[in-house]
Number of protein chains: 2
Amino acid sequence: MNLKGLRVMGIDPGLTRCGLSVVEAGHGRAVIPISVGIVRTPATAELPERLLRLSTGVNQWMDDYRPDVVAVERVFERGNVSTVIHTAHASGVLVLAAAQRGIPVHMYTPSEVKKAVSGNGRADKKQMTAMITRILGLAEPPQPADAADALALAVCHCWRAPLLARTAALLNSEGTKK
Amino acid sequence: MNLKGLRVMGIDPGLTRCGLSVVEAGHGRAVIPISVGIVRTPATAELPERLLRLSTGVNQWMDDYRPDVVAVERVFERGNVSTVIHTAHASGVLVLAAAQRGIPVHMYTPSEVKKAVSGNGRADKKQMTAMITRILGLAEPPQPADAADALALAVCHCWRAPLLARTAALLNSEGTKK
């Protein structure tokens with residue numbers, strides 16, 4: 001299963017800071033970094049204004065980089081519930097942007113990303129940053145620092161995609177047999 | 001403060017069932033029902049597909065009824081966290097639809113709506129349905145039954161809007177004095 005050239009956008013959803021990245025799958029497990037950044041919305045603004053800015057920001061990235069697929073962190077039931085609700089509002093808008101363009105969306109939990117990238121589902125931020133820096137062959141850790149999660153999501157998808165594709169093909173052939 | 005003719009859309013956010021209503025403010029506390037309904041998305045579909053359907057549905061309502069303002073139930077930290085996350089995804093997409101059209105959005109908690117409509121912040125579903133039926137002068141309870149919440153949100157806004165407008169005017173004049 002050759003995915004070379006597959007362009008993946010990683011999205012770490014957030015209302016105050018949303019991490020975005022774009023990578024391209026290379027030969028084998030090689031992953032080429034294309035871009036990384038943050039879309040911010042002011043905490044002083046009302047929710048509708050913030051969601052509008054976030055939507056405009058991610059759509060601009062999608063226009064600029066034309067990803068083939070989007071990998072988004074699944075909103076998880078942990079920590080402060082009110083933060084979770086804010087993140088879920090943001091995530092709805094981000095996933096919608098991809099759906100409106102017909103771009104497939106894959107969702108990964110934080111521990112799936114950690115496991116895929118570092119082999120350890122409980123890797124800490126420092127370990128993850130070190131792994132991402134090494135995998136992408138960067139001279140120094142990715143900037144801004146908290147956009148490293150968005151890169152990790154994209155790398156995770158590059159490495160999981162061949163397996164997902166094989167599973168889908170298998171399920172399809174099972175379906176045909178019936 | 002005369003709000004006669006103000007067209008309010010009430011939205012009770014949900015991913016599986018989203019309640020929508022449109023009413024118009026009449027003389028004094030009179031509220032005229034215009035429409036009520038539900039946008040459903042299949043629980044078997046993936047999240048991106050569901051959010052896309054929901055967005056298309058609410059945008060269709062906004063095209064059809066051209067509301068001046070939208071009243072949305074605020075997603076609240078109660079019950080099952082995974083349901084709350086789904087509802088918050090949906091809410092993000094619904095609020096975005098209004099923001100993209102420049103329609104002002106007001107958010108109310110369930111108890112604010114109950115208090116405004118029935119005088120009791122803990123009114124049950126039966127009491128709320130009876131109140132909404134009476135306020136809107138309906139011959140029988142609104143159909144579908146669970147869209148009554150969307151009507152209650154719209155009525156709540158009609159009755160709160162004059163107070164909100166006076167408060168805003170007051171804050172504005174305070175600001176001018178400085």
Of residues in region A:101-122 being polar (S, T, N, Q) and not in a loop (DSSP other than H, G, I, E, B), the one farthest from the other protein chains (Cβ to nearest Cβ): A:Ser118
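Results for (1) buried (at least 18 other Cβ atoms within 10 Å of the Cβ); (2) farther than 24 Å from B:Ala139 by Cα; (3) modelled with pLDDT of 95 or more, shown as yes or no for each residue.
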site: B:Ser21; (1), (2), (3): yes, no, yes
site: B:Ile32; (1), (2), (3): no, no, yes
site: B:Val36; (1), (2), (3): yes, no, yes
site: B:Pro42; (1), (2), (3): no, yes, yes
Those residues of region B:137-147 which are touching a residue at least 40 places away in the same chain (Cβ under 8 Å) and either in a helix (DSSP H, G or I) or buried (at least 19 other Cβ atoms within 10 Å of the Cβ) (or both), in sequence order: B:Pro142, B:Asp146, B:Ala147
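Residues to consider are A:Arg66, A:Arg134; find the one that is surrounded by fewer than 20 Cβ atoms within 10 Å (Cβ to Cβ) and within 17 Å of the chain's Cα centre (by Cα). Talk me through it step by step, then tell me what you get.
Details: A:Arg134 fails: within 17 Å of the chain's Cα centre (by Cα).
When all the criteria are applied, what remains is A:Arg66.
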Criterion (in a strand (DSSP E or B), closer than 27 Å to B:His89 by Cα, within 14 Å of another protein chain (Cβ to nearest Cβ) and under 13 Å from the mean Cα position of the chain (by Cα)) met by exactly one of A:Ala98, A:Ala71: A:Ala71
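Report yes if some residue within region A:41-60 is charged (D, E, K, R), under 27 Å from B:Pro104 (Cα atoms), assigned to a strand (DSSP E or B) and more than 14 Å from the chain's Cα centre (by Cα); otherwise report no. Lay out the reasoning, then the answer.
Initially, region A:41-60 is screened for residues charged (D, E, K, R), giving A:46, A:49-50, A:53.
Applying the additional criterion that residues be under 27 Å from B:Pro104 (Cα atoms) yields A:46, A:49-50, A:53.
If we keep only those that are assigned to a strand (DSSP E or B) too, we end up with none.
Scanning region A:41-60 turns up no residue that is charged (D, E, K, R), under 27 Å from B:Pro104 (Cα atoms), assigned to a strand (DSSP E or B) and more than 14 Å from the chain's Cα centre (by Cα).
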Residues within region B:109-124 that are in contact (Cβ under 8 Å) with a residue 12 or more places away in the chain and farther than 18 Å from B:Arg29 by Cβ, tallied: 2
Which numbered condition A:Lys126 fails, given (1) within 14 Å of chain B (Cβ to nearest Cβ); (2) surrounded by fewer than 17 Cβ atoms within 10 Å (Cβ to Cβ): (1)
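Being surrounded by fewer than 16 Cβ atoms within 10 Å (Cβ to Cβ), of a type in the set (Gly, Ala, Ser) and either in contact (Cβ under 8 Å) with a residue 60 or more places away in the chain or within 13 Å of chain A (Cβ to nearest Cβ) (or both) is true for just one of B:Gly79, B:Gly28, B:Gly57, B:Gly92. Which residue is that?
Details: B:Gly28 fails: either in contact (Cβ under 8 Å) with a residue 60 or more places away in the chain or within 13 Å of chain A (Cβ to nearest Cβ) (or both); B:Gly57 fails: surrounded by fewer than 16 Cβ atoms within 10 Å (Cβ to Cβ); B:Gly92 fails: surrounded by fewer than 16 Cβ atoms within 10 Å (Cβ to Cβ).
So the residue among B:Gly79, B:Gly28, B:Gly57, B:Gly92 that is surrounded by fewer than 16 Cβ atoms within 10 Å (Cβ to Cβ), of a type in the set (Gly, Ala, Ser) and either in contact (Cβ under 8 Å) with a residue 60 or more places away in the chain or within 13 Å of chain A (Cβ to nearest Cβ) (or both) is B:Gly79.
Report whether or not A:Val93 is part of a helix (DSSP H, G or I), closer than 24 Å to A:Arg53 by Cα, at pLDDT below 95 and not small (Gly, Ala, Ser).
Working: part of a helix (DSSP H, G or I): yes; closer than 24 Å to A:Arg53 by Cα: yes; at pLDDT below 95: no; not small (Gly, Ala, Ser): yes.
No.
The values are calculated or read from the model by the stated rules, or taken from the named source; none is laboratory data. Just so you know, these numbers come straight off a predicted model, no measurement behind them. Cβ: placed from backbone, ideal geometry, glycine included. Neighbour counts: every protein chain shown.
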